[in-house]
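The values are calculated or read from the model by the stated rules, or taken from the named source; none is laboratory data. For clarity, every value in this text was computed on a predicted model and none was experimentally measured. Every residue, glycine as well, gets a Cβ built from its backbone with ideal geometry; the counts of neighbours run over all protein chains shown. Only protein heavy atoms, including side chains, enter the accessible area calculation; ligands, DNA and RNA are left aside. Shrake-Rupley method; radii C 1.70, N 1.55, O 1.52, S 1.80 Å.
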Amino acid sequence: MHTPSLRPILIAGGGPVGVITALALARQGLPVHVFEAESRINDMPRAATTHAATLAMLADLGMVDEVIARGLVEPLFRIWDNTSGQMIAEFDFGVLQDETPYPFAVQCEQHKLAGMAIERLKAFPEAKVEFSARVTSLTQSDDGVEISVETAGGTRKVVGSYLIGCDGGRSTVRKALDIEFAGYTHPERFMILTTTENIGLRYPGCTRNYISDPEAWFSVFKVSGDELGPLWRVLSSTKPEQTDEELMNPEATERRLQRFLPKAGAYDIVHRNLYNVHQRVAASFRKGRVFLAGDAAHVNNPLGGLGLNFGIHDAIEISELLGRVIRREAPEDILDEYDLHRRPLNIEFVQQQTVANKKRMEEKDPRAREKDFEQLRRTAADPAAHRAHVRKASLIESVKKRAAVPA
Ligand SMILES: Cc1cc2nc3c(=O)[nH]c(=O)nc-3n(C[C@H](O)[C@H](O)[C@H](O)COP(=O)(O)OP(=O)(O)OC[C@H]3O[C@@H](n4cnc5c(N)ncnc54)[C@H](O)[C@@H]3O)c2cc1C
């Protein structure tokens, strides 16, 4: 469909969710304009795990082959007890091979996903991605949206048919709509250290490992990396009272890695990053002609690798609903479906799983820890329970639940 007279759909934020939403709209022939505040794609180490349900969506966008080629395929994830050094449970997405062409996770960093989407957008003359362009305010009427965009050349007004706020956890769009971001922020921060050293030697046979410890849990993942080759990421928690200087100086980060994974000689540390961690869901994902998607709508701790995956599912859902309304295949009322379904699905599948994952990793009570471990062992050993667990962890279950209620 070609819609030359349609005002563009405006997207605030050119992170992975913003540009994937733009691609999903552009592929339907719809005009889109993405405004990204920064001058380039943010390549700090954040999401890397892309799950089966998301890989299927990226296949529909013509991206999955490149995601697999530039990522690392891993069907397994393992949970360890650091106090005993024992592996508690191994889960295998491979058991889902009869229900997905992608019975694995792919470790592909989010800046690569964003770059791939932007490359593909270049094929659509009516799709624009504008960097160094910050959305600062918005107004809306019954038939359109107007935003103010701040650039090096000054501030200008841009008019569109709809606006999708994909502008991350601190979303200006969400704040302008006066939508509450209900939930809480953890007192501690999470630290990511990445290194070229093969930490995987300690965890042979699997590149996605969660190590539970009542004092200092951590997780160890491998990602495909860029010019330096594969990188190992160690994610761990900090104490609320620790300052940036205490945590980030080279001696402290070296000590941290040596404590988790002792080795002779110093680590070659490529990234040192600290992140605030939240569990929050916007009170509504829509107000009139403005929608929220990705971290602008929901944030969660990264244990399970679910936040961006769910954000990509938001992108697909809102672009399909808008496409149908603009093509007049469905009444405007179906846009209500977006908030109606995405909010509860996020709470059920993303908030609940990530909260439970964090609790399991840091549990201090020995009896509760043993109970958790026993539960994990039983789940992993029982084929039906194992399947149910990985269907949830891969978000296949949430996609099936949504599909059972067609818009
Ligand atoms: C350590 C860590 C590990 C993680 N691992 C995983 C994982 O393995 N799997 C997973 O699914 N998720 C993971 N996540 C979560 C994932 O990183 C986020 O869910 C993801 O970045 C959300 O993408 P987004 O596009 O919604 O938001 P963002 O990536 O935050 O992008 C928002 C963009 O909007 C821009 N912006 C902000 N304000 C404005 C404005 N006013 N105007 C214009 N532009 C604006 C920003 O510059 C930014 O580029 C992890 C997070 C962390 C911190």
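Assorted remarks:
- Restricting attention to the stretch 232-261, the residues that are outside any helix (DSSP H, G or I) and either within 16 Å of the ligand (Cβ to nearest atom) or open to solvent by 70 Å² or more (accessible area, probe 1.4 Å) (or both) total 10.
- If you go through the stretch 121-141 and pick out every residue that is assigned to a helix (DSSP H, G or I) and away from the ligand (no atom under 16 Å from the Cβ), you end up with 0.
- Strands (runs of 3 or more DSSP E) lying entirely in the stretch 40-106 (those with 1 or more residues that are open to solvent by less than 40 Å² (accessible area, probe 1.4 Å) and under 17 Å from GLY307 (Cβ atoms)): 76-81
- Unique residue being in a loop (DSSP other than H, G, I, E, B) and either without any contact (Cβ under 8 Å) to a residue 60 or more places away in the chain or open to solvent by 20 Å² or more (accessible area, probe 1.4 Å) (or both) when the list is GLU320, GLU329, GLU370: GLU329
- Subset of the stretch 266-311 [free of Cβ contacts under 8 Å to residues at least 60 places away in the same chain and near the ligand (Cβ under 8 Å from one of its atoms)]: ASN300
- Screening ALA381 against (1) under 30 Å from GLY294 (Cα atoms); (2) open to solvent by 70 Å² or more (accessible area, probe 1.4 Å); (3) more than 19 Å from the chain's Cα centre (by Cα) leaves a single unmet condition, (1).
- Residue within the stretch 12-28 that is crowded, with 22+ Cβ neighbours inside 10 Å, in contact with a Lys or Arg (Cβ under 9 Å, 6 or more places away or on another chain), farther than 30 Å from ARG208 by Cα and not hydrophobic (A, V, I, L, M, F, W, C) present: no
- Qualifying positions in the stretch 269-317 - part of a loop (DSSP other than H, G, I, E, B) and surrounded by fewer than 19 Cβ atoms within 10 Å (Cβ to Cβ): ALA283, SER284, GLY288
- Residue tally, condition more than 9 Å from the ligand (Cβ to nearest atom), in a strand (DSSP E or B) and buried (at least 20 other Cβ atoms within 10 Å of the Cβ), over the stretch 148-180: 4
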